[in-house]
């Protein structure tokens, strides 16, 4: 080794590292500048806004949902600010893209809490993002509100800081609609579901409901994630069933086309979850086969499905037309069965802040906030809860509500039944209130 | 040829990071901890990429082996995080021997495809055996069983996370620096520069490749295990093809200087990405263009690095 090189290598590497640190410093400086510049000025002098962080799927696989979640969040915040804010304080929404990735989602939680010091976090839809983010929110002691339907909140996979008051969960939904299915469509059921957590939640919930109501699940057909052709699985569908229950398994257009070819006109009743055709227009080619089949809807896509003053106001506020599509672009169908959860969650935050006297992110205030939320047991239907009233279980941190059952008639969804809240209740041993808050 | 103290000069990086700790605001601190954990993976990748000149597109499999090894050990065997770390590293090393075996048989573009397929196999397996791995949704680890959980009585979790990452990164930097100065490191470079010549001199090149891959496995696996044990989550979201491509980007951006490049590249890419996070749509494009411009610049700026005396390993 060259002597000069050996002598000076320490110094030189030091220079490189120093330069790198300098570069990092410059980047950090601009980062903080950027953060500072983006925060809009406080609307009323002297009143500190309530800052709500929003982890949003702007890019990645969840982007079609994220677009609507963000639209609804902005609409709700704008309405809240027009009508006096939360406890008289304006609301500031700080939205950041999580790329629908668990790694980035957890990082966004850190950013929202540590860089923006938000009061609350409005969380994500996709289960993997929620599961990776929940532990971070719990450690950073910031309430995290999932709008996900997943079982991770009610079944105790997360922690005391994670809530899901704005949307019902899969077991609740399945328990409610299963009763209707068994009573109206038949008691011999085969089910097709995606072979991952979301599908397993459906499988387990439907199996339990079948035991409760004396129905039989004669065949359970899991479809591996990423599958592009389904006919080979259809051969397992028994001939003598009353109902084929299907949940999002992949590309819905291919699924329905192949199902149509396989079953033909002599088909059992079909019951599906809207998730497979959420944000997809029913006029898409190949979906004609769905005519006369049944779907669960969280909140009816077509305005006449649940026409109340509240639901009309909500639909107007989020810019969705009578057919569930974007007012400015009728070809863009909304995620109507899920996105109301964002609206309702923001109003739950408003209600609990106002009742608990929460004022800023510190221990005493969060104790008040979390205890008040856990003591809640009911949210009334209204402008704040346009989808319907909800029963809230403070031990599970989960809401239970009404579900809609629709049938496809003339290429549109027509609501034929609205389930009762009692129908969706189930037992679970989880109790978040036993965990220490700090 | 014997390693000297001056070979440890790159340890300046962790020293600077330790010195910067009291100065950093909270979020940059958390981000730095994340980047340190990831940059260990970056070093692991660079051992294959820069030292033996093998471009793998399957390193996410090694990261994943570390992550699942540690996570599943914690859940099913015992909540002892140090043993879990060891389990993670062990499973990554055993998988790296498989990848190394591939590297000993095929070369160039064929190897890239072979490693890519190997990591996709792991990814699909993680999805398929979702009753065990949690599939796409993943699994949450008990907080008490994680490394930060163990340190909780002593210090705040954020501090624990920072210093554990820093400590492991220091070990990785020291290890890689010493390795590149050692006889084995020189053999790696010779392997990169002319495999046939080295073989004709009587060296067992397959064994060398296996060794390099297992070193790479230790580092990548440690990074994956730390990911599980510091952030209490394991999931298939870390195993996709993008996670194999990321370290390629880091090492390319960081430049061909194995002692410091992997860290600098990882730092730069992640800081840029983080800066763009709050921006509206299209930020991905901005970051992409910035990175492409930068990788052109590092190619052009080779003389700056030479001036600064960072070794590329050819100066002998």
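What follows draws every value from the coordinates through simple rules; no lab data is involved. As the structure is a computational prediction, the values presented were derived from the model and not from experiment. A quick note on method: Cβ atoms are made from the backbone with ideal geometry, for glycine too, and the neighbour counts reach across all protein chains shown.
Arrange A:162, B:48 by Cβ neighbour counts within 10 Å, fewest through most, would you? Show your work: numbers first, answer last.
Numbers: A:162 25, B:48 31.
Ordered by Cβ neighbours within 10 Å, fewest first: A:162, B:48.
Most fluctuating residue of B:271, B:234, B:218 in a GNM of chain B with Cα springs under 10 Å: which is it?
B:271
Highest GNM mean-square fluctuation, chain B, Cα pairs closer than 10 Å: which of B:259, B:137, B:120?
Highest fluctuation of the listed residues: B:137.
In a Gaussian network model over chain B where Cα atoms closer than 10 Å are linked, find which of B:178, B:16, B:191 has the largest mean-square fluctuation.
Taking springs between Cα atoms under 10 Å, the residue moving most is B:16.
Would you mind ranking B:4, A:418 so that the residue whose beta carbon has the fewest other beta carbons within 10 Å leads the list?
B:4, A:418
Angle check, please: helix A:336-356 long axis (alpha carbons) against the longest principal axis of chain A (alpha carbons), in degrees 0 to 90, nearest 10.
Helix A:336-356 sits at roughly 50 degrees to that axis.
In units of 2.2 N^0.38 Å, what is the alpha-carbon radius of gyration of the protein assembly as shown? Please list the in-between numbers first.
On the way: Rg = 27.6 Å, N = 754, 2.2 N^0.38 = 27.3 Å.
Against the compact-globule rule of thumb, the ratio is 1.01.
Which FRET efficiency, nearest 0.05, do residue A:261 and residue A:312 yield, Cβ-Cβ r, R0 45 Å?
0.65
Find how many whole Å separate the alpha carbon centroid of segment B:200-240 from the alpha carbon centroid of segment A:383-438.
Distance between centres, Cα-based: 45 Å.
Relative contact order for segment B:5-239: what percent, with Cα pairs under 8 Å and sequence separation of 6 or more?
Dividing the mean separation by the residue count of segment B:5-239 yields 42 percent.
Between segment A:63-81 and segment B:1-55, what is the C-alpha centre distance in whole Å?
Here the answer is 41 Å between Cα centres.
Which of B:186, A:220 comes first, and how do the rest follow, when ranked by fewest Cβ neighbours within 10 Å? Before the final figure, lay out each step's value.
Working: B:186 14, A:220 17.
Listed from fewest to most nearby Cβ atoms, that is B:186, A:220.
Just to be sure I understand the model, the point goes 7 Å from the Cα along the line to the Cβ. What's the resulting residue A:253 to residue A:332 distance in nm?
Roughly 1.9 nm, to one decimal.
How long are the semi-axes of the equivalent ellipsoid of chain A, taking √(5λ) for every eigenvalue λ of the Cα gyration tensor, in whole Å from largest down?
41, 28, 22
Cα atoms only: what Rg and Dmax, in Å, come out for segment A:171-297?
13.4, 39
Counting DSSP beta bridges with both partners in the protein assembly as shown, what percentage is antiparallel, nearest 5? Before the final figure, lay out the partial values.
Details: 22 of 56 bridges.
Around 40 percent of the beta bridges assigned by DSSP in the protein assembly as shown are antiparallel ones.
State the antiparallel share, in %, of DSSP beta bridges confined to chain A, rounding to the nearest 5.
Of the beta bridges lying entirely in chain A, close to 35 percent run antiparallel.
For segment B:5-239, rounded, prolate or oblate, judged on the Cα gyration tensor with a ≥ b ≥ c (square roots of eigenvalues), a/c < 1.5 rounded, else prolate if a/b > b/c?
Oblate shape, in that a/c is at least 1.5 and b/c is the bigger or equal ratio.
Based on the Kirkwood radius over alpha-carbon pairs, what is the Stokes-Einstein translational diffusion coefficient of segment A:315-426 at 37 °C with 0.692 mPa s viscosity, in µm²/s?
203
Once you have a ≥ b ≥ c as the square roots of the Cα gyration tensor eigenvalues for segment B:111-157, tell me rounded if a/c is under 1.5, and otherwise prolate or oblate according to whether a/b is larger than b/c. The partial results should precede the final answer.
Details: a/c = 5.55, a/b = 2.15, b/c = 2.58.
In terms of gyration-tensor shape, oblate.
Between residue B:4 and residue B:199, what is the FRET efficiency for a Förster distance of 35 Å, r being their Cβ-Cβ separation, to the nearest 0.05?
Once rounded, the FRET efficiency stands at 0.70.
Would you calculate a helix-derived [θ] at 222 nm for the protein assembly as shown, using -39,500 (n - 2.57) for each DSSP H run of n ≥ 4 and dividing by the full residue count, to the nearest 500?
Helices in the protein assembly as shown give a 222 nm mean residue ellipticity of -17000 deg cm²/dmol.
Nearest 5 is fine: what % of DSSP beta bridges in segment A:171-297 come out antiparallel, could you say?
In segment A:171-297, approximately 0 percent of DSSP beta bridges are antiparallel ones.
Pop the C-beta distance of residue B:80 and residue B:128 into the FRET formula with R0 = 22 Å and round what comes out to the nearest 0.05.
0.15
For chain A, what does the relative contact order come out to in percent, with C-alpha contacts under 8 Å and a separation of six or more?
Result for chain A is 15 percent.
Taking the Cα centroid of segment B:165-191 and of segment A:296-341, what is the distance between the two, rounded to the nearest whole Å?
Result: 59 Å between the Cα centres.
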